[in-house]
1. Here is a list: 98, 136, 106, 113. Which entry is within 29 Å of residue 14 (Cα to Cα) and buried (at least 16 other Cβ atoms within 10 Å of the Cβ)?
2. Would the stretch 160-175 turn up any residue that is part of a loop (DSSP other than H, G, I, E, B), free of Cβ contacts under 8 Å to residues at least 40 places away in the same chain and in contact with a strand residue (DSSP E or B) (Cβ under 9 Å, 6 or more places away or on another chain)?
3. I'm told residue 97 meets every condition in (1) touching a strand residue (DSSP E or B) at 6+ places or on another chain (Cβ under 8 Å); (2) under 21 Å from residue 24 (Cβ atoms) except one. Can you identify the failing condition by its number?
4. Find all pairs meeting these conditions: Cβ atoms under 7 angstrom apart; at least six residues apart or on different chains; first residue within the stretch 34-59 and without any contact (Cβ under 8 Å) to a residue 60 or more places away in the chain and at negative phi; second residue assigned to a loop (DSSP other than H, G, I, E, B) and surrounded by fewer than 19 Cβ atoms within 10 Å (Cβ to Cβ).
5. Against the conditions (1) closer than 17 Å to residue 144 by Cα; (2) touching a helix residue (DSSP H, G or I) at 6+ places or on another chain (Cβ under 6 Å), where does residue 48 fall short? Just the number, please.
6. Residues of the stretch 130-159 being assigned to a loop (DSSP other than H, G, I, E, B) and closer than 30 Å to residue 183 by Cα, which ones?
7. Inside the stretch 19-36, can you point out the residues that are surrounded by 13 or more Cβ atoms within 10 Å (Cβ to Cβ) and either under 10 Å from the mean Cα position of the chain (by Cα) or more than 11 Å from residue 75 (Cα to Cα) (or both)?
8. Just checking, does the stretch 54-67 include any residue being out of contact with any helix residue (DSSP H, G or I) (no Cβ under 7 Å at 6 or more places or on another chain), surrounded by 14 or more Cβ atoms within 10 Å (Cβ to Cβ) and in a strand (DSSP E or B)?
């Protein structure tokens, strides 16, 4: 049986050949009362540890993950006629990992992380532009440090479903689920 992480990487690599932004993925979270929310994020790493993305921890998604540390991802690659769904608990990445990723971002993106109060109401665009100017001036020279409220999350998958379009809606669906021994078990699903 092919390891689902290896299969994901194989499909992900193929998606990069036909999609403009193959790493764009829908992230679903829920607050402490179970009210769902979904938005697009960019996948930044996928390995045996899980699937990693970065965000402002004070954003809506950051607050929801603090209240309810479970999430789901859904990749849809239209040109490939494929999608992958991933579910599992979410853990924060280590500070060293977040620092390394942040330091590799474009300086303007680093400044934006400082200037944006993600998901909060702003009085107008001028307020945001003023914050950008403030941090651009502050960090004109030297490296831009990672803001203390900015980091990453890793979804540790307990379920990964591979879906492939077939004629007459007879789609192929394979799901890999972790059993109580932490081993992957493959199941075939009806379309």
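1. Values: 136 fails: within 29 Å of residue 14 (Cα to Cα); 106 fails: buried (at least 16 other Cβ atoms within 10 Å of the Cβ); 113 fails: within 29 Å of residue 14 (Cα to Cα).
Within the list 98, 136, 106, 113, the selection yields 98.
2. Initial filter on the stretch 160-175 (part of a loop (DSSP other than H, G, I, E, B)): 165-166, 170-171.
Right, trim to free of Cβ contacts under 8 Å to residues at least 40 places away in the same chain and you get 166, 170-171.
Going one step further and asking which of them are in contact with a strand residue (DSSP E or B) (Cβ under 9 Å, 6 or more places away or on another chain), we end up with 166, 171.
The answer is yes; a qualifying residue exists.
3. (2)
4. 42/23; 43/23
5. If we test residue 48 against (1) closer than 17 Å to residue 144 by Cα; (2) touching a helix residue (DSSP H, G or I) at 6+ places or on another chain (Cβ under 6 Å), just (1) comes out false.
6. Of the residues in the stretch 130-159, the ones assigned to a loop (DSSP other than H, G, I, E, B) are 139-149, 156-158.
Passing the criteria: 156, 157, 158.
7. First, pick out the residues of the stretch 19-36 that are surrounded by 13 or more Cβ atoms within 10 Å (Cβ to Cβ): 19, 22-31.
Correct list: 19, 23, 24, 25, 26, 27, 28, 29, 30, 31.
8. Quick first cut of the stretch 54-67, residues out of contact with any helix residue (DSSP H, G or I) (no Cβ under 7 Å at 6 or more places or on another chain) only: 57-67.
The next check asks that each one be surrounded by 14 or more Cβ atoms within 10 Å (Cβ to Cβ); those that pass are 57-66.
Cutting the leftovers down to in a strand (DSSP E or B) gives us none.
The answer is no, given that none of the residues of the stretch 54-67 is out of contact with any helix residue (DSSP H, G or I) (no Cβ under 7 Å at 6 or more places or on another chain), surrounded by 14 or more Cβ atoms within 10 Å (Cβ to Cβ) and in a strand (DSSP E or B).
The values are calculated or read from the model by the stated rules, or taken from the named source; none is laboratory data. Just so we're clear, the structure is a prediction, and the values are computed from it rather than from any experiment. Note: ideal-geometry Cβ built from the backbone for every residue, glycine included; neighbour counts use all protein chains shown.
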